[in-house]
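Since every read-out is calculated from the coordinates, none of them should be taken as a lab result. Predicted model, so just to flag it, every value in this text is computed and none were measured. A quick note on method: Cβ atoms are made from the backbone with ideal geometry, for glycine too, and the neighbour counts reach across all protein chains shown.
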Amino acid sequence: MAGRILLLVLLPAALAVAQDDGARMDALEKENAELRQRVENLEGVQQAVASDVEDTAEGLGLNMVVKRGSVWGIFQLFGDTGVTYASPELPNRGEAFFFDGGIDLFFTARVGDHFQVLSETVFLSSIGTTSDSSKFDQERLWGAYKFSDLLQLKLGLEHGPISRWNNLYHHGKWLELTVTRPFLARFEGDGGILPMHEAGVEARGAIPFAKGRLTYVFFLSNGRGPQVTDVEEFSDHNDAKAITGGLGFEPMGTHPLWVAVFVRWDEIPPNAADPARLRSIGQIVTTLQVDYRGERIQVLSEVAFISGSDRTSSTDFDHVAAYFQVGYSLNDEWTPYFRFDIRDMDQGDPYYSPVNRDLDAYEIVGGVRFDFVENAAIKLEIGFGEREERDGGGVVSDRGYIRVGFQLSFVF
């Protein structure tokens, strides 16, 4: 009797515990299922958004992903710092100096299946004669609608397609294999000779066929400003617009290989402050691009032909810039690299000469990159070469130089 009474007392409690355990198990399974779905959604967002950023490497690294309704976005922060030794010393810098490379705020989002926006804002330092300063620059800001693989239309401020390096790496130094950019791909405010930023409308697409994939780009944008350092983000100094067109080819059955040719036509406006620039300059830029990414080896090479027709002096000027870079990954961490870089300029070009960018230079670069954690790398680079220099009297002479750079770059 006592046993039956004990059983009657304990049975409801046991049933309650069992029901409670079952409810907890159901809740845990439901929660786990929701967590798995969230992870799958986030991974899908990363792949989907990154896949829409054509010809860039922003999809690498650690992406911070947000999702709200039909909006999927990725936010990333790039930064770098380091130290440089240069002999002879660089203007206003001394032989050895530490540097802050700046912070790059990158954001891209996809709204639905077809519309995408992208913003890249850089907080960078400028070197002055007496003191340094910092400022925010809006480097890219655009919206794009993708009708299909055959056609995507983009409107806004973008890095022009005239340089493959520029379209691959943009401003995030962690994305680049090296410490420095080649002559051809340097920005307008950092010794560059090509227009790196374009504000306008772009059409691009891809056409697959049996032998591979053919890509095309057409870009109608504001032209270059009166000075080579100008970036025409908000206006254009003349009615003529710059036109850039290009074709690329990616063959099937190989490691990722890209070969392309681009041509850019522009009418550079006169500069009223310069007596040698009373009329416009017609400029045509043609670039040939090769990009190969094997399992271990990386090859990137470009050559640019720049033809300028000065209407003031009725003189033509022809320039060539080129580089060849190769990197070999020993494993997932260590990647040594080599680059040969050259710039062959016609002296006296009235567009380039006021800031001494009409001078020749060549450089041989060697270095190694060490990815010591997933989202950070250190790079050690040595470069030596020869460059032409112009003194205060306008006399040009050759001067050899050597530099050593160490950089810590990261992305979050």
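A few notes on this one:
- Charge tally for Asp310 (other residues, Cβ to Cβ under 10 Å; Lys, Arg +1; Asp, Glu -1): +1.
- Modelled spin labels at Ile364 and Glu89, positioned 7 Å past Cα toward Cβ, are 2.8 nm from each other.
- Other residues whose C-beta falls under 14 angstrom from the C-beta of Ala276 contribute a net charge of -1, scoring Lys and Arg +1 and Asp and Glu -1.
- Pairs exceeding a 26 Å alpha-carbon distance, out of Lys135/Lys173; Lys211/Lys241; Lys67/Lys379; Lys67/Lys146; Lys146/Lys379; Lys154/Lys211: Lys211/Lys241; Lys67/Lys379; Lys146/Lys379; Lys154/Lys211.
- Restricting segment 89-182 to trypsin sites (Lys or Arg not before Pro) that sit in a DSSP loop and have at most 13 other Cβ atoms within 10 Å of their own Cβ leaves Arg93.
- Shown here for segment 146-236: chymotrypsin sites (Phe, Trp or Tyr not before Pro) in loop regions (DSSP other than H, G, I, E, B) with at most 16 other Cβ atoms within 10 Å, namely Phe234.
- Estimated Rh, segment 97-185: Kirkwood, alpha-carbon pairs, angstrom: 15.2 Å
- At most 16 other Cβ within 10 Å, DSSP loop - trypsin sites (Lys or Arg not before Pro), segment 255-314: Arg279, Arg296, Arg311
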